[in-house]
Amino acid sequence: MYQGIGDAFLFLLDVSNLSWIALGTVLGLVAGTLPGVSGVAMMALILPFTFGMAPEISVLMLIGVYAASTYSSSTGGILYNIPGGAAGIPTTIEGYKIAMRGEGGKVLSTDIYASFIGSVIGFIGALILTPLFIQIASNLGTAERGLFALLALVLVGTGALSRADPARGLLAVGIGLIVGTVGMQSTTGYVRFVGDFPQLWDGFHLVWIIVGLYAIPQIFRLASIEKYFNKTRNMNLDYSMWHEFRQFVLYFREKKYLFLRVGVLGTIVGALPGLGTVAASWLGYQEAYRSSNKKEEFGNGSLDGVAGSETANNAAVPTTLVPLLALGIPGSAAAALILGAFLLAGVHPGPQMMDVNPTQIWVILLGLFVTGAFFVIFGLPFHKVVIYVTKVRPTYLIPAIVAFSAIGTYLATGFVEGLYIALAIGIASMLVERLYLPIANVLLGAILGPTIEHELLTAYNIGGIERFFSPGAGLLLSIIVLIIIAGFYKNFIPSFVELFKGNSIDDLIRSNRPTPLHDIFLGASALVAGGVVAWIASGYPAAPAAVPYAVAVYLVLPMAVLILLKGVIGAARIGLYRAPSEEELAASQHVQFNSVTLVVILAVCAAMLSVEFVGFIPAIVALIFVVGVTLRSRITNLFIYAAFLSGALYLFLSFFRIQMPAGLFLP
């Protein structure tokens with residue numbers, strides 16, 4: 001079990017290996033701080049460039065991004081009341097008000113040291129839980145492995161462990177499962193849905209899906225929040241790091257049991273699929289409030305609230321990898337991207353890794369501590385420059401993200417069609433997100449779908465239907481059914497009841513929930529799409545048809561009917577729709593469809609579609625000027641930035657010998 005630890009230590013002592021982890025940490029600090037650029041989006045952006053790296057390095061670099069962005073998502077919230085991600089919202093509530101009292105150094109220091117304590121607790125939890133999970137997983141058969149993956153999707157989809165809408169969650173999972181069935185079926189070689197497109201015979205490439213679901217929508221979201229970049233205020237961050245460290249040590253001695261409780265809580269939450277850092281952050285915040293004897297400070301600048309949420313969400317980061325390493329099952333969007341790094345390297349995580357290459361497991365587990373130490377080492381000086389980082393406007397971010405998304409997408413397969421597919425997925429992702437479908441569920445369904453199909457069909461071919469009624473498989477099936485029932489009882493039925501309790505459409509919009517119009521449109525669209533998929537799949541042979549037909553008929557169509565029914569009843573009871581105000585739109589964090597955003601969307605589409613014809617760098621330069629003029633930037637600044645970015649891209653492509661579809665400058 002502990003074979004390979006020595007080699008793992010030697011691997012992590014190599015300076016070149018540590019430099020990749022350091023790079024991921026720095027990128028994560030920047031991504032988490034910038035409004036509109038999340039850690040998951042940064043992971044999606046750099047994932048294609050990990051192709052060819054050793055899996056340990058690529059995974060640790062992505063973990064560095066994930067861990068550092070989880071910490072720094074609260075930095076922008078503390079300074080400007082604009083968190084870099086959902087995990088930073090509880091800290092923003094308290095930290096911004098503390099900073100406004102002139103105690104910016106105090107709250108930033110508490111933030112980073114609490115994050116490090118949480119990461120250490122989570123690291124210890126991962127060391128304990130991973131071997132235990134691997135031991136359990138090594139005794140599972142094909143049916144149990146497939147049902148475990150299905151259980152993870154059900155936990156994510158039903159919201160049984162959170163407050164998510166189970167109908168929408170399971171519908172998103174169903175969409176992902178259908179996306180995962182596109183292309184050649186693994187056991188028969190039968191090509192489904194895309195017989196006329198040989199580029200898709202291997203299915204949608206993982207990079208296309210990830211860039212489309214996360215990187216492309218972030219581009220459009222940046223255009224939506226441009227107006228808020230000019231509303232930030234300068235803040236004096238001239239404080240003594242040593243003085244604040246000593247103050248934190250005194251605070252830690254007083255609150256050590258709070259740190260321990262929320263750290264253990266975050267560690268447990270991280271290992272459960274469907275929860276992750278956001279849930280851990282709120283649970284840690286609630287525990288800090290419950291145990292505080294100064295409850296009146298919460299909402300007005302409570303340091304306990306900052307410490308509780310940051311310790312818990314950073315403790316959840318290491319244990320997010322436990323089900324991934326032990327079972328090959330990601331429980332969150334970030335874990336799914338880390339799984340993508342494994343798959344691009346040709347490694348399939350699971351219990352066999354401990355037998356085949358135990359050093360990889362231990363490098364990753366021990367590397368979790370290194371990433372925690374690095375975000376403290378880099379994070380402390382980062383506080384002094386963070387004000388300048390947060391002033392980087394979307395005018396300059398959008399073309400750079402488009403450029404590297406295009407390079408990474410093309411680099412993954414060499415197909416120019418990959419650019420078009422990623423763009424189409426990105427636009428579709430933006431639209432379904434406006435209908436309140438959880439994008440992470442789509443990604444998890446697309447990644448786990450082929451595994452579930454392969455394992456379950458293999459189990460059926462070996463033992464028939466009786467194979468699924470063995471003690472282990474039967475227990476898992478029972479748990480799945482109970483979780484589905486619990487999820488609907490806890491989260492969906494109350495939303496129906498609310499329609500008859502006098503809630504108004506204003507209540508839905510102010511609380512960022514879907515209106516009846518959203519429900520009707522989504523339900524009707526899903527009914528049509530599910531019916532088409534079922535009709536096409538019914539013409540396939542039994543084995544290739546089994547999963548897409550079953551998902552369409554027994555998952556997508558029932559969820560669509562429930563959502564449509566809820567929408568119709570809601571329209572009759574409280575009305576169909578009301579246009580949200582600008583403040584309500586901003587709070588929803590959805591892409592806002594105004595004239596500026598639409599021009600940016602069209603410009604991005606034109607740039608990616610024209611790469612093949614006018615050349616890569618000319619397309620990006622044109623995009624710089626269109627976006628810059630649309631967002632009212634100075635022309636002189638645009639010329640300077642166009643020269644800088646085109647030169648940087650030329651050097652990047654030349655150094656790594658990357659040939660884009662139409663060459664560098666001319667078609």
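The values are calculated or read from the model by the stated rules, or taken from the named source; none is laboratory data. Everything numeric here is computed off the predicted structure, so don't read it as measured data. Neighbour counts are summed over all protein chains in view; Cβ atoms, including those assigned to glycine, are modelled from backbone coordinates with ideal geometry. We work out accessible area using only protein heavy atoms, side chains counted, and drop any ligands, DNA or RNA first. Shrake-Rupley method; radii C 1.70, N 1.55, O 1.52, S 1.80 Å.
The magnitude of the dipole of the chain, with charges of +1 and -1 set on the Cβ of Lys/Arg and Asp/Glu and taken from the Cα centre, is near 1300 debye. The loop-placed trypsin sites (Lys or Arg not before Pro) in the range 144-202, going by DSSP, that have at most 14 neighbouring Cβ atoms within 10 Å of their Cβ come out as ARG163.
Here the Karplus curve 6.51 cos²θ - 1.76 cosθ + 1.60, taken at θ = phi - 60°, turns the phi angles of the range 120-131 into couplings of 5, 4, x, 4, 4, x, 5, 4, 7, 7, 4, x Hz, with x standing for Gly and Pro. Highest mean first, the peptides 179-189, 421-431, 362-372 sorted by other C-beta atoms within 10 Å per residue fall in the order 362-372, 421-431, 179-189.
Is the C-alpha gyration tensor of the range 385-544 telling us rounded, prolate or oblate? Criteria: a/c under 1.5 is rounded; beyond that, a/b larger than b/c is prolate, otherwise oblate. If you can, show how the numbers build up before the last one.
Details: a/c = 1.93, a/b = 1.20, b/c = 1.61.
Oblate, because a/c is 1.5 or more while a/b does not exceed b/c.
The mean accessible area for residues of the range 312-444, using a 1.4 Å probe and ignoring ligands and nucleic acids, is 26 Å² per residue.
Over 26 Å between C-alpha atoms is what I'm after, so list which of LYS97/LYS490; LYS256/LYS295; LYS97/LYS295; LYS295/LYS384; LYS294/LYS490; LYS256/LYS294 land there. Present the calculation step by step, with values, prior to reporting the outcome.
On the way: LYS97/LYS490 34 Å; LYS256/LYS295 18 Å; LYS97/LYS295 15 Å; LYS295/LYS384 32 Å; LYS294/LYS490 32 Å; LYS256/LYS294 17 Å.
Flagged as over cut-off: LYS97/LYS490; LYS295/LYS384; LYS294/LYS490.
Sequence-distant contacts, meaning Cα pairs under 8 Å at least 6 residues apart, place the relative contact order of the range 41-175 at 11 percent. Evaluating 6.51 cos²θ - 1.76 cosθ + 1.60 at θ = phi - 60° for every residue in the range 214-219, the Karplus couplings come out as 10, 6, 5, x, 4, 4 Hz, glycine and proline recorded as x. For LYS255, the aspartates and glutamates whose Cα falls under 18 Å of its own Cα, not counting residues fewer than eight places away in the same chain, are GLU94, ASP111, GLU244, GLU287, GLU296, GLU297, ASP304, GLU310. Share of pairwise Cα-Cα distances greater than 39 Å in the chain is 31 percent (whole percent).
Spin-label model, LYS490 to ILE536: label points 7 Å out along the Cα-to-beta-carbon direction sit 3.5 nm apart.
Using Cα pairs under 8 angstrom and six or more residues apart, how large is the relative contact order of the chain, in percent?
Numbers: 1168 pairs, mean separation 143.7, N = 667.
Relative contact order comes out at 22 percent.
Around GLU56, under 13 Å between beta carbons, what's the net of Lys plus Arg minus Asp minus Glu among the other residues?
Working: positive: none; negative: ASP7, ASP14.
It works out to a net charge of -2.
Shape class of the range 408-462 from the Cα gyration tensor (axes a ≥ b ≥ c, square roots of the eigenvalues): oblate, since a/c reaches 1.5 or more and a/b does not exceed b/c. Taking amide hydrogens as placed 1.01 Å from N in the peptide plane, the amide H of GLY183 sits under 5 Å from those of ARG192, VAL194, each at least 5 positions away in sequence or on another chain.
The loop-placed trypsin sites (Lys or Arg not before Pro) in the range 345-436, going by DSSP, that have at most 13 neighbouring Cβ atoms within 10 Å of their Cβ come out as LYS391.
On the accessible surface of the range 22-150, probed at 1.4 Å, how many percent belong to carbon and sulfur atoms? If you can, show how the numbers build up before the last one.
Values: 2350 of 3310 Å².
Percent of accessible area from carbon and sulfur atoms in the range 22-150: 71.
With each run of n ≥ 4 DSSP H residues scored as -39500 (n - 2.57), what mean residue ellipticity at 222 nm is computed for the chain after dividing by its residue count and rounding to the nearest 500 deg cm²/dmol? Show your work: numbers first, answer last.
On the way: 31 runs with 476 residues, N = 667.
The helix-only estimate for the chain comes to -23500 deg cm²/dmol at 222 nm.
Among the chymotrypsin sites (Phe, Trp or Tyr not before Pro) in the range 614-665, those located in a DSSP loop and surrounded by at most 13 other Cβ atoms within 10 Å of their own Cβ are PHE656, PHE665.
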